[in-house]
Amino acid sequence: RALNRDLLKRLSFWASRLSISVEVRHGDTEMKLRRKQAIFPPYMLVTTPETLQAILPGTRMRQHLSHVRYVVVDEVHDLASSKRGVQLTIALERLYEVVGKEFQKIGLSATVGNPEEVAKFIAGTDRSIRVVQASLPKGYRYQVENPTPTEADYDLAGKLGTVPEAAARIRRVAELVDSHKSTLIFVNSRTNAEMLGFKFNQLGRTDIAVHHGSLSKEERVQIEDEFKAGVLKAIICTSTLELGIDIGNVDLVIQYLSPRQVSSLIQRVGRSGHRLDLLSEGVIITAFPDDTLESIAAVRNAYENKLEPILIHENALDVLAHQVTGILMDKGSVGLKELLAIVRRAYPYRKLGENTLLDVIHFLDSLNELRIEEEGKVLRKGRKTRSYYYENLSMIPDERCYPIINVISDRKIGTLGDE
């Protein structure tokens with residue numbers, strides 16, 4: 001959603017000059033705007049995979065969707081490796097059923113190790129693809145550091161209640177932040193983000209804030225705005241800021257501990273010097289010998305542009321079950337052969353067996369989510385189909401969350417998950 005809002009802001013500038021209307025639609029979109037879009041749709045709609053799922057069965061929206069000519073999937077690497085992406089591939093085939101003819105699909109990414117495979121993922125089974133490698137003159141500089149404790153670090157360790165090695169890492173991060181105007185500090189988990197943020201809080205560093213998905217939207221937006229305004233010198237963040245959200249100019253990225261993946265390293269360091277004429281600069285702060293060696297290997301592969309291949313989920317049955325009900329929401333009823341043909345057009349299901357599909361259908365029938373008629377040859381929408389479909393739109397795993405309230409302002413500042 002944050003990426004949606006950011007894209008809308010950027011696209012609106014150009015769209016206004018080309019007399020093209022562009023709007024955004026996602027879970028936070030007001031009902032008034034949704035009704036307006038159902039009557040007067042924009043030329044360009046910026047949305048999420050889940051929202052596409054939500055609007056596909058709608059009578060009015062289907063009428064507008066029948067005119068779609070282009071679908072652009074931004075940050076396609078983020079979807080191709082997840083079940084959200086698998087769900088999207090069948091949604092695109094459902095959209096094809098609505099449009100009645102082929103439309104162009106474009107996937108955008110700076111970090112795909114197997115572009116041919118990802119192109120097939122977006123295009124669908126047995127469709128022609130074209131990979132465009134935009135080899136632009138963008139410079140990167142990576143550095144790996146394993147700080148050695150100094151005498152001062154032993155004193156700092158006592159103050160922070162940690163070991164000298166950790167104190168040395170925190171001291172080095174602080175030095176790098178102070179020698180640059182604006183810095184993003186990436187960590188690999190929310191736990192590490194909070195731990196590092198707490199240590200800087202102990203040092204009285206009010207110019208360094210923590211940003212991750214458990215914080216409320218209002219809290220995250222406030223942190224982003226303060227960073228843009230120069231109130232904050234650094235943000236400690238997880239993958240929430242890895243994608244191309246506009247947070248202003250960044251002149252250094254620090255990766256705290258190994259990035260684990262070459263693609264993550266390139267994506268994160270690419271947030272600094274976010275213009276073609278600027279150098280993207282990143283420093284990896286490591287903790288242990290294995291951590292250091294892994295980081296050196298990642299840097300070497302990044303310089304040689306050797307990225308890990310994206311692994312695509314094949315024949316995900318939970319996604320399939322949901323999309324079977326989605327197709328019934330679209331059509332009301334569907335023949336088994338037609339259903340199999342639609343699903344097999346989606347690249348992750350190109351090898352789906354008829355018996356596997358039948359197993360999923362019988363499972364859904366046992367839950368009364370659909371009806372099987374004409375000796376198993378035709379499926380019809382049942383009484384519970386709609387509720388099952390809309391209650392399971394998202395492939396993002398559910399997590400029990402507890403609200404965190406600021407007792408002074410009585411404002412919700414985030415959530416705490418089971419993990």
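Rule-based calculations on the coordinates, nothing more; no lab input. The structure presented is a predicted model; accordingly, all values stated were derived computationally and were not measured. Quick reminder, even Gly has a Cβ in these numbers, built from the backbone with ideal geometry, and neighbours come from all protein chains shown.
General remarks:
- Taking every Cα-Cα distance in the range 135-175 and sorting them into 10 Å bins from zero, the calculated P(r) comes out as 30, 38, 13, 13, 7 percent.
- Footprinting exposure proxy for MET31, MET329 (fewest neighbouring C-beta atoms within 10 Å first): MET31, MET329
- Relative to the dominant Cα principal axis of the chain, helix 354-366 is inclined by about 90°.
- Take every Cα pair under 8 Å whose residues are at least 6 apart in sequence, average their separation, divide by the length of the range 1-123, and the relative contact order is 22 percent.
- The orientation-averaged projected area of the convex hull spanned by the Cα atoms of the range 134-226 comes to 8.3 nm².
- Listed by chain and number, the aspartates and glutamates whose alpha-carbon sits under 12 Å from that of LYS228, ignoring those within fewer than 8 places in the same chain, are ASP246.
- Within the chain, helix-based [θ] at 222 nm, where runs of 4 or more DSSP H residues each add -39,500 (n - 2.57), nearest 500: -13500 deg cm²/dmol
- At q = 0.17 Å⁻¹, base-10 log of I(q)/I(0) for the range 236-304 (Debye sum, equal scatterers on each alpha carbon): -0.59
- Among THR385, THR238, THR150, a tally of other beta-carbon atoms within 10 Å of each Cβ gives an order, fewest to most, of THR150, THR238, THR385.
- Here the relative contact order of the range 140-309, from alpha carbon pairs under 8 Å that lie six or more residues apart, stands at 29 percent.
- Shape box of the range 140-309 [Cα atoms, principal axes, largest first, Å]: 42, 39, 28
- When the chain is treated as a GNM with alpha-carbon contacts under 10 Å, the residue of TYR389, TYR43, TYR349 showing the greatest mean-square fluctuation is TYR43.
- The calculated P(r) of the range 18-169, using every Cα pair and 5 Å bins from 0, goes 2, 7, 14, 15, 12, 10, 7, 6, 6, 6, 6, 5, 3, 1, 0 in percent.
- Full-stretch length increase - SER216, VAL98 - with 0.36 nm per residue and alpha-carbon distance subtracted: 38.8 nm
- For the pair MET31 and ASP246, label points projected 7 Å from Cα toward Cβ lie 3.1 nm apart.
- Listed values (1) 20, 39, 33, 7; (2) 23, 51, 24, 2, 0; (3) 25, 54, 20, 0 include one computed from this model; for P(r) over Cα pairs in 20 Å bins from 0, in percent that value carries the label (2).
- Ranking of HIS180, HIS362 by neighbouring Cβ atoms within 10 Å, starting from the fewest: HIS362, HIS180.
- Relative counts (whole %) of C-alpha pair distances in the range 276-348, using bins that are 10 Å wide: 14, 27, 15, 15, 20, 10
- Greater than 29 Å apart at Cα, pairs in LYS159/LYS181; LYS101/LYS384; LYS138/LYS351; LYS105/LYS217: LYS101/LYS384; LYS138/LYS351; LYS105/LYS217
- Listed by chain and number, the lysines placed with their C-alpha closer than 17 angstrom to that of LYS381 are LYS331, LYS337; residues fewer than eight positions away on the same chain are left out.
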